[in-house]
Amino acid sequence: MAVERRVVIGSRSSSLSLAQTNEVVRLLLQAHPLLQIDLVPQSTRGDRNKAAPLLSMERGMFVKEIEFALLNGEIDIAVHSAKDMPATTPSGLAIAAFTVREDARDVLVNRWNASLDELPAGARLGTSSPRRTAQIKAARPDLEVLPIRGNVDTRLSKANSEGYDGAILAAAGIARLGRQSEISAYLPPDVCVPDVGQGALAVQVRESDGELLDCVQAIDHAPTSAAVRAERAFLETMGGGCTLPTAAYAEIAAAGSLQILAMVAKPDGSEIVRVSESHSVNAPIAAGQSVAETLLEGGAARILEAL
């Protein structure tokens, strides 16, 4: 169905967010050449409050103002990094599409261009993610993990600056900025389970705008959608957010099943619980819930209660 109308898209104003939004604009115009699209960058609390540590902010700090603008009719479409989104969507809004997922893995950038195993004892790595901190400390307790803030460009510049020997970032953000040559090593998901939604873009619209809902659903990538919806169901069942060291990563296996890897850890990495399950790709919500329940029964509940 050809859609001919003018729409306003909102996203964060960082260079990465704009690159991601332009990906979505390109896909929408391929599917609906008659669309007229205006891009309006939005300011969020997470972007404005650069000094506050991420641990002091809840999951959703980079999306709430954009969702408010969408609910208010100031914009018609919102583009988010799926990993920034809370597990639940506000009433009146719907995630109409997840576009093709970029590489979901975490990566190392460091002064030695070394892998995780090759880093010297005492190497100082920057990340403000409890999830990354716990898993890196579990794998290499001899490393020093330090907080770091800023967009991808800022963190890359800090990775080899005074006070840091390197940093841990998402492969997807570096790739979307065309800076893959700076990656020292990729971290396998069984070593560092990626964040829920990492590498995927979520496209949100108002539920009441049926025409636009159908329009955006045309760019939904079914394998990514199944994987990320399973991960989000896991997150909702766990009741956690970015302030807790918990994660889930789902992908479509060669046999067509939905393979989900999940973990919960103590912040210092001294204890970590991982599970891996295979489920039907046709029931991603139930799959994510099942993995969360298995994890909780396997020791995660005790860790979370202690936190």
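The values are calculated or read from the model by the stated rules, or taken from the named source; none is laboratory data. Everything numeric in this text was worked out from a predicted model, so none of it was measured. A quick note on method: Cβ atoms are made from the backbone with ideal geometry, for glycine too, and the neighbour counts reach across all protein chains shown. Heavy atoms of the whole protein, side chains included, go into the accessibility calculation; ligands, DNA and RNA do not. Shrake-Rupley method; radii C 1.70, N 1.55, O 1.52, S 1.80 Å.
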Original post:
Based on the Kirkwood radius over alpha-carbon pairs, what value in µm²/s does the Stokes-Einstein equation return for the translational diffusion coefficient of the chain at 20 °C and 1.002 mPa s?
Top reply: 108
Original post:
By the scheme Lys and Arg +1, Asp and Glu -1, what is the net charge of all other residues having a beta-carbon under 12 Å from that of Cys192?
Top reply: +3
Original post:
Rounded, prolate or oblate: which fits the range 205-307, taking a ≥ b ≥ c as square roots of the Cα gyration tensor eigenvalues, rounded meaning a/c under 1.5, else prolate when a/b beats b/c?
Top reply: prolate
Original post:
Rolling a 1.4 angstrom probe over the protein heavy atoms, how many square angstrom per residue are accessible across the range 201-251?
Top reply: 32
**OP:** Count the DSSP beta bridges whose two residues both fall in the chain, then state the antiparallel fraction as a percent rounded to the nearest 5.
**Re:** 70
Original post:
Over what distance in Å are the Cα centres of the range 162-231 and the range 58-108 separated?
Top reply: 11
Original post:
Considering only protein heavy atoms and a 1.4 Å probe, what is the carbon-and-sulfur percentage of the accessible area of the range 145-260?
Top reply: 47
Subject >> Distance cut-off 16 Å, percentage of C-alpha pairs in the range 162-201 lying past it >> reply: 43
Original post:
What is the diffusion coefficient of the range 106-251 in µm²/s, taking the Kirkwood radius over Cα pairs and the Stokes-Einstein relation at 10 °C with a viscosity of 1.306 mPa s?
Top reply: 95
Original post:
Volume per residue, Å³, of the convex hull around the alpha-carbon atoms of the range 77-182?
Top reply: 119
Subject >> Nonlocal amide H pairs with Ala97, under 5 Å, H built at 1.01 Å >> reply: Val203
Original post:
Per residue of the chain, what 222 nm ellipticity follows from adding -39500 (n - 2.57) for every DSSP H run with n ≥ 4, rounded to the nearest 500?
Top reply: -9000 deg cm²/dmol
